[in-house]
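Notes follow the structure.
The values are calculated or read from the model by the stated rules, or taken from the named source; none is laboratory data. Since this is a predicted model, take the numbers as computed values, not measurements. Because the Cβ atoms are built from the backbone with ideal geometry, glycine has one as well, and the counts that use them run over all protein chains shown.
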RNA sequence: UGCAAGGGAUG
């Protein structure tokens, strides 16, 4: 069964046909294989094939799991069909599959990348009211989007919100904000956040250091940049 | 470690 799918990794998706012919041969066809295939379809942007594979899957009597629905949500979001993405949640509940952090997180990220970051944040908060606590991924999607729109104060408020909710920001999360401050030339805020991050025991990485370097250089603080560069090297941070 | 979501540069 895996062999057919390998075809779709490298080449075109006649794998779909092959996949469902296999069933006729009586070989077992698994939901996982379909999940993998559907995810590949998304990365090849064959979004319309996604739904047909899903229908095939159900017709063959396979049981979609929480991953399957998560992939569907991602596909609809990628296509910009947010209502249909939301509808997936209804369908999965009908089928007795409970959405998890991944499916909700995927949807929130979809809202954000379709320019509806406010809705994303509202959605997250409404989940919290319903006693569903989201993880750091969902918060980071929102922060990242606010940063991209240069709404640093909104991004900062999300950081506060997540801390209050007891969610610990990780290196990616701090990185998104630090890079935002670097881009706007607010090196003091960037460094302050960087210190806060390290004080919580979260190690920096090369992307963050790179952003700080660029910011320092652009501000003409070459000596400071060089100095920090040496420090990070000595600290054993991987620099590229 | 089997399958789904998140961050930077004129790269």
Among the candidates A:72, A:62, which residue alone is buried (at least 16 other Cβ atoms within 10 Å of the Cβ), within 12 Å of RNA strand B (Cβ to nearest atom) and not in a helix (DSSP H, G or I)? A:62
Note on segment A:92-118: residues within 9 Å of RNA strand B (Cβ to nearest atom) and either part of a loop (DSSP other than H, G, I, E, B) or in contact (Cβ under 8 Å) with a residue 60 or more places away in the chain (or both) are A:99, A:100
Among the residues of segment A:128-145, is there at least one that is outside any loop (DSSP other than H, G, I, E, B), in contact with a helix residue (DSSP H, G or I) (Cβ under 8 Å, 6 or more places away or on another chain) and more than 15 Å from RNA strand B (Cβ to nearest atom)? no
Only one of (1) assigned to a helix (DSSP H, G or I); (2) touching a helix residue (DSSP H, G or I) at 6+ places or on another chain (Cβ under 8 Å) fails for residue A:240. Which number is that? (1)
Please name all residue pairs, on different chains or six or more residues apart, with Cβ atoms under 8 Å, provided the first residue is in segment A:225-240 and is in contact (Cβ under 8 Å) with a residue 12 or more places away in the chain and the second residue is within 12 Å of RNA strand B (Cβ to nearest atom) and in a loop (DSSP other than H, G, I, E, B). A:229/A:239; A:232/A:204; A:232/A:239; A:237/A:203; A:237/A:204; A:237/A:205; A:238/A:205
Of the criteria (1) more than 12 Å from RNA strand B (Cβ to nearest atom); (2) at pLDDT below 95, which one residue A:210 fails: (1)
Out of everything in segment A:156-179 that is over 17 Å from the mean Cα position of the chain (by Cα) and more than 20 Å from residue A:125 (Cα to Cα), what residue ends up being surrounded by the most Cβ atoms within 10 Å (Cβ to Cβ)? A:178
